[in-house]
Amino acid sequence: MAVLQPLIDLVALCAQQGIQHAVISPGSRSAALTLAFARSTHIKTYVIMDERAAGFIALGIAQQIKAPVAIVCTSGSAAYNFAPAVVEAYFQQVPLLVLTADRPKEWIHQQDGQTIYQNEIYGKHVKKAYELPADYTHPDAQWYINRTVNEAILASMAFPQGPVHINVPIREPFYPEASEAFVPTAGLRKVSRLTTEAVLSVDTWHELLNEWDESERILIAGGQHGADKDLNQVLSHIAEELHVPILGDVITNLQGNDWLISKQDLFLGQRTDEDLAPDLLITFGKSFISKNLKLFLRANPPLRHWHISEEQNLIDTFQTLTTQVPVSPGYFFAKLFEDIDYQRFVQNLDGETDDTYAEKWLWMNRTATRLLMEYLRLQTELNELTVYEKVLEALPDGSQLHVANSMPIRYVNMLGVGQRNTEVFTNRGTSGIDGCVSTAVGAALVNEVPTYLIVGDVAFLYDRNGLLLEEFPANLKIIVMNNSGGNIFRMIDGPARQPELEQYFETRHAMKAERTAADSGILYASVTETQELAGAIQKLVESKQCSLLEIFTDPETNTRIFKGLKEYIRSNW
């Protein structure tokens, strides 16, 4: 048996459990793990020197394949640098297997390098934390390691998916001799866990249907959710045939749904909204972008609020929750529509549903859309709002769009991606700006579709180490919106009024993405004038290699035009 045979077996077990990708950050203490992954013929490895970027690249891969991705680092502060990605994965429910090499704990506080408290280092931000024994020779230790690795991988995949952490203390020697063969133990034990599907009893359905029948005004609102054609279709049927308004942010991924209410941030708060208040609110998905929707529902609470989620935590974003329904949205809405449609058929109620409430929402959405388009046609200066419109119009059908936090996701949510078959991703688990470049890189490495990233200059600069790759996926196209600082702080009244705005909030700078692109071998182009924009976007779309387009805008112009949109809608309503 090799000196560190259980670690060879750990990697073999990862492969048996279906892990196909591992992102590795170089280090010495982690050598045995690294070599075991590198020599595996079943797991594709990626070497990323910066642990923070490595974690987000793994997150991007896991988002796409909906299965765990392993991340490996050495001991000490390297493990802490995984933390931002681990936290995002936890709240976004993305499965990661976090493997941190460690020194034996008796060396803590002995002035030995790269030795810190690593066990449970991520606190409550992992589904479960494990620590392997430092000595592997006893049969019980080997059994424990096998059981722990099986349990950890299964835990990452169980609903809700998320990161798990295995801390791996490793004694020297941890580099193999030339004579050692990296061969898994014969008969390695893989443990499986059967899956079940949550359903509701007949009595429970009757109770819910009674509440539905007692509600005159019903609103369905979706938060962040992966693209799901079946769910989108059944929600279209509910909207069209039952006259129930369906509302969603761009990250709800209901693109192509003709009945979708998506301009809520533009019209809520523009006038008295009480006539839009629902009696029954039904929500699904994760986080909501629209602040105006949150304010509206908190100010106009429904009589009943069902949240469709199998989570154990009570999700009460709008402070109105009355019932958490612990099933999947796909099952719930399909069953709901089937039962109500049958009930209407039996009672001969076809065509008798009142559409007044739904029509109010649809009228508001159509009006806001029309005023938005009118305002955009009036703009002649190069500014972010019209740039985003042109970029979104140019996205090819079937592409993926990754959007950074701060202003980019707000612009994209306001404008939408139209009827295209385009799935939108953004890290709204914690809504930080860190890792957005790396996440898109990870996605493009495995998704095999045109992948676009829209990112602000600060978020791009913050995550440049995500571009420390040997070879870039040719399907990745990056659009950097450079306004020389954190422009969102000009949009927010509080910081915008402060004399320290530019230095302490916007952090104004004169940096560009050009040198970063050159260092990484990425094709670069820039835009500074309106007349250059359309051609540059077209070249980006047509490029056959990884490309970056940097668009320079003036922050004061951006602020004036963004705030002018709200005023235009208000004055022309």
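Based on what the data block shows, is Arg29 outside the structural domain of Val449 (by TED's automatic domain parsing), of a type in the set (Lys, Arg) and assigned to a helix (DSSP H, G or I)? Against the criterion (outside the structural domain of Val449 (by TED's automatic domain parsing), of a type in the set (Lys, Arg) and assigned to a helix (DSSP H, G or I)), Arg29 does not qualify. Is there a residue being assigned to a helix (DSSP H, G or I), crowded, with 23+ Cβ neighbours inside 10 Å and either at positive phi or of a type in the set (A, V, I, L, M, F, W, C) (or both) anywhere in the range 426-439? Yes, the range 426-439 has at least one match. Can you tell me how many residues in the range 180-223 are surrounded by 10 or more Cβ atoms within 10 Å (Cβ to Cβ), within 19 Å of Thr137 (Cβ to Cβ) and aliphatic (A, V, I, L, M)? Within the range 180-223, residues that are surrounded by 10 or more Cβ atoms within 10 Å (Cβ to Cβ), within 19 Å of Thr137 (Cβ to Cβ) and aliphatic (A, V, I, L, M) number 2. Please verify whether Gln111 is surrounded by fewer than 18 Cβ atoms within 10 Å (Cβ to Cβ), in the same structural domain as Pro163 (by TED's automatic domain parsing) and under 17 Å from Gly162 (Cβ atoms), treating the condition exactly as stated. Judged against the criteria, Gln111 is not a match. Report whether or not Leu378 is crowded, with 23+ Cβ neighbours inside 10 Å and either under 27 Å from Lys566 (Cβ atoms) or in the same structural domain as Met511 (by TED's automatic domain parsing) (or both). No: the conditions fail for Leu378. Does Thr369 qualify as being outside any helix (DSSP H, G or I), touching a residue at least 12 places away in the same chain (Cβ under 8 Å) and polar (S, T, N, Q)? When the stated conditions are applied, Thr369 does not pass them. Scanning the range 458-466 turns up at least one residue that is over 15 Å from the mean Cα position of the chain (by Cα) and outside any helix (DSSP H, G or I). Among the residues of the range 549-573, the one identified as over 21 Å from Met414 (Cα atoms) and touching a Leu at 6+ places or on another chain (Cβ under 7 Å) is Leu549.
A search for C-beta distances below 9 Å between a residue of the range 323-349 that is in the same structural domain as Trp306 (by TED's automatic domain parsing) and any residue that is loosely packed, with under 15 Cβ neighbours inside 10 Å and of a type in the set (Val, Ile, Thr), counting only pairs 6+ apart in sequence or on different chains, returns Val325/Thr204; Val327/Val199; Tyr331/Val199; Lys335/Val199; Arg344/Thr353.
Do the conditions hold for Glu177, that is, is it of a type in the set (D, E, K, R) and either loosely packed, with under 15 Cβ neighbours inside 10 Å or assigned to a loop (DSSP other than H, G, I, E, B) (or both)? When the stated conditions are applied, Glu177 passes them. Filtered by the rule that a residue be closer than 30 Å to Gln264 by Cβ, surrounded by 14 or more Cβ atoms within 10 Å (Cβ to Cβ) and more than 26 Å from the chain's Cα centre (by Cα), the range 539-557 gives Thr553, Asp554, Pro555, Thr557.
Within the range 394-417, the set of residues being part of a helix (DSSP H, G or I), under 20 Å from Asp265 (Cα atoms) and of a type outside the set (S, T, N, Q) comprises Met407, Pro408, Ile409, Arg410, Tyr411, Val412, Met414, Leu415.
So, Ala129, is that one more than 23 Å from the chain's Cα centre (by Cα) and more than 23 Å from Ser287 (Cβ to Cβ) or not? In short, no.
The values are calculated or read from the model by the stated rules, or taken from the named source; none is laboratory data. Everything numeric here is computed off the predicted structure, so don't read it as measured data. Cβ: placed from backbone, ideal geometry, glycine included. Neighbour counts: every protein chain shown.
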